[in-house]
Amino acid sequence: MVVYPVRTPEEVGTTVPVDPKVPAETYTYDYIVVGGGTAGCVLASRLSEDPDTSVLLIEQGPVADTWASRVPTISSNLFAKDSLAAHWWSTPMPHADNRSLGVMRGEALGGTTRINSMLYTRGTPGDYNQWKLLGNDGWGYDDVEPYFVKSERTHSLPASKYRGKAGPWQNQQFPISQYKAVPYVHRALQKVGIERHPDLNSPSMPAAGTGTLDVTEDKQYHRHSVDRAFLPAKLAHERRTRLKICTATIVTRVVLAEEGDEVRATGVHLETTNARKAWKRYLATARREVVLCGGALGSPHLLMLSGLGPKEHLESKSIRVVRDLPAVGSYLQDHIGVPLTFEVPIEDSLHILEVSPARVVKELLKYLITGRGALSHPFQTASTFIPSRLLDDKSTVSVKDPSDLDASIPANRPDIEFMYIGNNCTDTDIPRTGLFTLLSATIRPKSMGSVRLASSNPRVRPEVDLGYFTDPEDYVPLRKAIRLAQRVAGDVREQGYPLKDFIVPDDSSDEVLDAYIRANLRTCLHYTSTCRMGATTHAERPSVVDTELRVHGVKGLRVCDASVFPEIVGAHTMAPTVMVAEKCADLIKASK
């Protein structure tokens, strides 16, 4: 087994203050990539393909490439003691009963792809055509489709113009759910006019429909996170002379050189995460560029620590303002989820593993021998996407014109995702009970939050305001989605499946549903748009990066992760983030 060739800050940088006797080439790289998560692993891999290019990849978390971290069900338990998920709390939300929600991200090489539900969804062509309409030339669907294909290796679908077979990142489908309630749900959805389709990621997928999900598992039914796909240990070892991977390390700020009106990123300051050695500070410098891949929470945090952000906020934290960029950390978007929770026979839910040691042993042996069973099975095998405007008063899909289903048109994009999951999806621990969830989410929210500095200390996590229901229009699709869930639940019972109300609304009135939404909403952990892309820094639509992901007004500095999304996409955000990294790599290579 090849061991990951990881480095320490001392091995990749030089001590601060800098000793002039230390040769600069020992701590200088062509590119420094900050954040070894979903985007960072992809970008570092693509940039280091060139044998004449040196790359430093810095990740806050460990490698932690253990057997358990590859087992889908085990690694998806965000609340396990050894989970790679970092947790903290959002600020109270005044428009949602002053509630605070848990904020989470993956902190390890591979980032959130190490802990998420592995769902590979791209979004509709209309999502990216909308980006282009907002002034982001080069980011329409026809522009980005090749990058989805480039990274992908699908095992369940034939190769096509839009599905890849040769990329490093593997996925497959699980057409049959292990949960008995799911076929009943599918029949109920067909009754309201929502048909099943073979490929949710097809550009011809209609705006309203159900499809089997692609899941990022390899042929051995292991989680195929981006570190394993793009930076496996063998590849990292082969490139170790030109690709340095530094883990368990915090970047405290980007070094910005100011010459007159020009600002250029020249490197980063870094420290080990080990608090007892935090007094040792190091510098690494970049000949060409520094690229931030810290995600929608981490990248704006580091920009602000470096003096790039909203002027008044930075001054309130005693940080010298290098560039007043009001959009940094602003316009945070997330999909808002609301679960309806039902009790089912415990053997029909994932929670059977909580109460039956014999079942655990059986599933463990099954996985070890065949790779199959509950430990390889995703929490969710299919999903339904719907434009709420097509749902009538009876929660039936009503299409007056077939063109209403053309999802390449931005106005037709679905704004609801309807999910059916065989476990507890609330934020409440409900032990030793068989649970089944109908989870509704608004996937085109109008509400926006923010990421701000809680302190000028880079080790203090940022302050996250999720901003739910700052725009009350977000209630409209959620009401319709919950009414659909109520109808589906009723139909499942009529079909004869024992679905018992556990946590559900009392009725379908707007007032009851709105109160239920506020009391039970949850984050979908799809944070985006805090360093959003825009062709200019236009006052009517402030942005942080241009269409080549370069930070406005700063040379040699880019952002590459979900924070650059001009608007959140109607999809789970993992695959679109990898697409951004693939395109960013080409943009950087073209700019040499």
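Just so you know, all these numbers are worked out from the coordinates, no wet-lab data involved. Computed from a prediction, not measured in an experiment: that's the story for all the values here. Don't worry about glycine lacking a Cβ; one is built from the backbone with ideal geometry, like all the others, and counts go over all protein chains shown.
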message: Using only DSSP helix segments of four residues or longer, with each worth -39500 (n - 2.57), what per-residue ellipticity at 222 nm results for the chain after dividing by its residue count and rounding to 500?
response: -7000 deg cm²/dmol
task: Quick one: dipole size for the stretch 20-174, taken about the Cα centre, charges +1 on Lys/Arg Cβ and -1 on Asp/Glu Cβ, in debye to the nearest 20.
output: 520
- request: Kindly identify the stretch 50-188 as rounded, prolate or oblate by the Cα gyration tensor criterion: order the square roots of the eigenvalues as a ≥ b ≥ c, call it rounded if a/c is under 1.5, otherwise compare a/b with b/c, prolate if a/b is larger, else oblate.
  value: rounded
message: At 4 °C and a viscosity of 1.567 mPa s, what translational diffusion coefficient does Stokes-Einstein give for the stretch 129-186, taking Rh as the Kirkwood radius over Cα pairs? Give it in µm²/s as a whole number.
response: 94
- request: Calculate one ³J(HN,Hα) per residue across the stretch 252-269 by plugging θ = phi - 60° into the Karplus curve 6.51 cos²θ - 1.76 cosθ + 1.60, and present them in order as whole Hz with x for glycine and proline.
  value: 8, 5, 8, 7, 10, 8, 10, 10, x, 8, 8, 10, 9, 7, 10, x, 9, 9
statement: Amide H neighbours of HIS572 at under 5 Å, excluding residues fewer than 5 places away on the same chain, with H built from the backbone geometry, are THR121
query: What shape does the stretch 323-400 take by its C-alpha gyration tensor, where a ≥ b ≥ c are the square roots of the eigenvalues and a/c under 1.5 counts as rounded, a/b above b/c as prolate, and the rest as oblate?
result: oblate
query: Using only the Cα atoms of the stretch 277-358, what do you get for the radius of gyration and for Dmax, in Å?
result: 22.7, 61
- request: For the stretch 169-177, just list the computed ³J(HN,Hα) in residue order, Karplus coefficients 6.51, -1.76 and 1.60, θ = phi - 60°, integers in Hz, with x standing in for Gly and Pro.
  value: 9, 8, 8, 8, 10, 10, x, 10, 6
- request: Compute the acute angle (0 to 90°) between the alpha-carbon long axis of helix 510-520 and the principal axis of greatest extent of the alpha-carbon atoms of the chain; round to the nearest 10°.
  value: 50
- prompt: Dividing the alpha-carbon Rg of the stretch 233-378 by 2.2 N^0.38 Å yields what?
  reply: 1.64
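Shape call for the stretch 400-441 from the C-alpha gyration tensor, a ≥ b ≥ c root eigenvalues: rounded (a/c under 1.5), prolate (a/b greater than b/c) or oblate?
prolate
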query: So which lysines pass the test for LYS589, namely a Cα distance under 17 Å, with those fewer than 8 places away in the same chain ruled out?
result: LYS150, LYS555
Per DSSP, loop trypsin sites (Lys or Arg not before Pro) in the stretch 75-148 with at most 11 further Cβ within 10 Å: LYS81
- line: Over the Cα atoms of the stretch 389-465 the radius of gyration and the largest Cα-Cα distance (Dmax), both in Å, equal 19.5, 57
- prompt: Suppose every K and R has +1 on its Cβ and every D and E has -1 on its Cβ; what is the size of the dipole of the stretch 387-543 about the Cα centre, in Debye to the nearest 20?
  reply: 560
- prompt: To the nearest 10 degrees, how steep is helix 295-305 against the longest Cα principal axis of the chain, on a 0 to 90 scale?
  reply: 30
query: Quick one: what do you get for the chain if you divide its Cα Rg by 2.2 N^0.38 Å?
result: 0.95
statement: The helix 38-47 Cα axis meets the longest alpha-carbon principal axis of the chain at an angle in degrees, between 0 and 90 and rounded to 10, of 50
message: As a quick test, which of the pairs LYS165/LYS583; LYS161/LYS244; LYS132/LYS446; LYS219/LYS366; LYS161/LYS592; LYS234/LYS280 have an alpha carbon distance above 24 angstrom in this structure?
response: LYS161/LYS244; LYS161/LYS592; LYS234/LYS280
- prompt: Taking H as built 1.01 Å from N, whose amide H comes closer than 5 Å to the amide H of ARG99, not counting residues under 5 places away?
  reply: MET93
field: Segment ASP392-SER508, extension gain: residue separation times 0.36 nm, minus the distance between their alpha carbons
entry: 40.4 nm
field: Rg(Cα)/(2.2 N^0.38 Å) for the stretch 1-42, N = residue count
entry: 1.46
